[in-house]
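What follows is a set of notes on a single structure, which appears directly below.
The values are calculated or read from the model by the stated rules, or taken from the named source; none is laboratory data. The model shown is predicted, which means the values in this text are computed figures rather than measured ones. Every residue, glycine as well, gets a Cβ built from its backbone with ideal geometry; the counts of neighbours run over all protein chains shown.
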Amino acid sequence: MMATTHVLWGMVLALPVLAIAPEFAPAAFAAGLVGGVLPDLDLYAGHRKTLHYPVYASLATVPTVALAVVAPSTMTVALAVALSASALHAVADVLGGGLELRPWEEGSERAVYSHYHDRWIRPRRFVRYDGAPEDLTVAGLIAAPLVVMSDGPVTVVTVALLSVSTVYVLLRKPLANIAERLAGLAPDPVAPYLPERYRQT
């Protein structure tokens, strides 16, 4: 799924906080945004492996959410939402396409790495690839409650993320060709640092 979709998922996790303890909502929305995008910071260093923990992050959310319920504070609520968003990101990547430059070709059986199982989990392709039309549909469905239930900065960020998502979906396939050409122009000292899927083309 698109990074923007993951961020929207993370922000949605803050909606219960908005309903139950609105004083913590700004921190929760910010934490959801950060937690939703955090796993993808491994894009150039073992993407979907280095910072993606579908099992361990999911297990870690249990005590952090419990702590936020028992001892609510800006810190405990933000930690619970951020970790939940990161776990959801890693799990949701299993529902998408494989880890390859053109995932619509379905040539990769690596969706996300499970450190617990010490192996790659295969893609389920409910969302065929990041930037697929169904990815935008998911993003739109997630954005709706954010726009309806929140206001101010959250609404602005949500609309901005949905706009970026729309542009990305329109350009997704041409961007793969551009990335391939740029990778081919990379000088030899830089080439080893490019993501593996670019170097395989």
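Results, tabulated for the structure shown:
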{"quantity": "Residue within segment 39-46 that is crowded, with 17+ Cβ neighbours inside 10 Å and among the aliphatic types (A, V, I, L, M) present", "calculated": "no"}
{"quantity": "Selected residue (only one of 129, 168 is within 15 Å of the chain's Cα centre (by Cα), at negative phi and not in a helix (DSSP H, G or I))", "calculated": "129"}
{"quantity": "Restricting segment 103-113 to residues that are outside any loop (DSSP other than H, G, I, E, B) and touching a residue at least 40 places away in the same chain (Cβ under 8 Å), the residue that is farthest from the chain's Cα centre (by Cα)", "calculated": "104"}
{"quantity": "Lone qualifier among 5, 76 - being modelled with pLDDT of 95 or more, polar (S, T, N, Q) and within 25 Å of residue 113 (Cα to Cα)", "calculated": "5"}
{"quantity": "Output for segment 82-131, where each listed residue is closer than 19 Å to residue 61 by Cα and of a type in the set (D, E, K, R)", "calculated": "93"}
{"quantity": "Residue count for segment 24-57, restricted to those that are small (Gly, Ala, Ser), over 27 Å from residue 151 (Cα atoms) and modelled with pLDDT of 95 or more", "calculated": "1"}
{"quantity": "Some residue of segment 149-157 being in a helix (DSSP H, G or I), touching a residue at least 40 places away in the same chain (Cβ under 8 Å) and under 15 Å from residue 3 (Cα atoms)", "calculated": "yes"}
{"quantity": "Index of the failed condition, residue 135 passing every other in (1) without any contact (Cβ under 8 Å) to a residue 12 or more places away in the chain; (2) closer than 28 Å to residue 153 by Cβ", "calculated": "(1)"}
{"quantity": "Candidate set: segment 81-109, residues that are touching an Asp or Glu at 6+ places or on another chain (Cβ under 8 Å) and not hydroxyl-bearing (Ser, Thr, Tyr); chosen: the one surrounded by the fewest Cβ atoms within 10 Å (Cβ to Cβ)", "calculated": "107"}
{"quantity": "Residue 116 part of a loop (DSSP other than H, G, I, E, B) and modelled with pLDDT of 90 or more", "calculated": "yes"}
